[in-house]
Amino acid sequence: MATDVLTPQTNPTEIHETVVEFPDNLLLIDLCGEYDRNIAEVEKSLAVQILRRGNVLTIIGDPDASAIAKDVLHSLYQRLEQGRSGELGDVDRELRMVGVSANVTDPYDQMEMFSGDRFEIKTRKKPVEPRTDAQKAYVKSLFTNDLAFGIGPAGTGKTYLAVAAGVSMFIMGHVDRIILSRPAVLMKMFLTRLGEGSRMVITGDRSQVDLPRGVTSGLHDAERLLKDIPKISFNYFTSKDVVRHPLVAAIIEAYDAEQPN
């Protein structure tokens, strides 16, 4: 049972007090976690204060944040009633999932950003904004394809933007984990590990291949064989997309001029 009470403030819309009662005191101990670390995680994530007295938790803070905290606590308690875990990882997942249901920005709803001049990937720390046309097209591909390739020289934002998109999906609860991997040669083996409900981004530079002479690049093979398959995208970058030190673009152009036609 949960009841809401406003604390006596001069402006009652600023601070809200929500009292949440839990019937099983033993489950409440598990809900709070060792040294109340689960409660501390909710407090830190939502900028609220949670006080415990007996089998009652009192949430103090912004009304919207307090409502989300109450939903998170109820969800965690229900998990414990069902005999499931209530660890810090579960707290983080519930915070992300309840945040989505409370109309926190959905990364898939970010597609509206492609209709205007301003592009942003929303992450917990700061928004990440692609700068060049190639980067904007790449970000769009990351959100609309299950498998995306970003191909081009160093410093063009291929990996940075891919990680930003992954973090955005993670904090919104659309993915449970982010895996970073560096396949040595066998691209086919790597690509066929794509699981149900997963998304994959491959970044690479055709000019930086450290394979022995005569060994075909897996990236080159993937381009040749997969370019016409739906839901697989290929985005390409040039020295014009470099966002590092200006000399990096000049270095890339100098090396490209030496490449045989």
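If you plug each phi of the stretch 39-53 into the Karplus form 6.51 cos²θ - 1.76 cosθ + 1.60 with θ = phi - 60°, what whole-Hz ³J(HN,Hα) values come out, in order, with x for Gly and Pro?
Taking θ as phi minus 60°, the curve returns 5, 4, 5, 5, 4, 5, 6, 10, 6, 10, 10, 10, 10, 10, 9 Hz for the stretch 39-53.
Nearest 0.05, what FRET efficiency do SER181 and THR144 give at R0 = 22 Å with Cβ-Cβ as r?
0.45
Could you tell me the center-to-center distance, by alpha carbons, between the stretch 128-172 and the stretch 217-261 in angstrom?
Here the answer is 15 Å between Cα centres.
Please list, in order along the stretch 218-230, the HN-Hα scalar couplings obtained from phi with the Karplus expression 6.51 cos²θ - 1.76 cosθ + 1.60 (θ = phi - 60°), rounded to whole Hz, x for Gly and Pro.
x, 5, 4, 4, 4, 4, 5, 8, 10, 4, 9, 8, x
How much length, in nm to one decimal, is gained on full extension between ASN55 and GLU223, taken as 0.36 nm per residue of separation minus their Cα-Cα distance?
Net length gain for the segment: 54.5 nm.
Please list, in order along the stretch 234-243, the HN-Hα scalar couplings obtained from phi with the Karplus expression 6.51 cos²θ - 1.76 cosθ + 1.60 (θ = phi - 60°), rounded to whole Hz, x for Gly and Pro.
Running phi through 6.51 cos²θ - 1.76 cosθ + 1.60 with θ = phi - 60° gives 10, 10, 10, 10, 10, 4, 5, 9, 5, 10 Hz.
Summing +1 for each Lys or Arg and -1 for each Asp or Glu, what net charge is found among the other residues whose Cβ lies under 9 Å from the Cβ of ARG79?
-2
Would you please give the residues with an amide H less than 5 Å from that of ILE121, counting only those at least 5 places away or on a separate chain, with H modeled from the backbone geometry?
VAL128, GLU129
Using modelled backbone amide H atoms (1.01 Å from N, in-plane), which distant-in-sequence or interchain residues come within less than 5 Å of MET200's amide H?
LEU147, ALA148
Quick note: the coordinates plus some simple rules give every number you see, no bench work behind them. Because the structure is a prediction, the values reported are computed rather than measured. Neighbour counts are summed over all protein chains in view; Cβ atoms, including those assigned to glycine, are modelled from backbone coordinates with ideal geometry.
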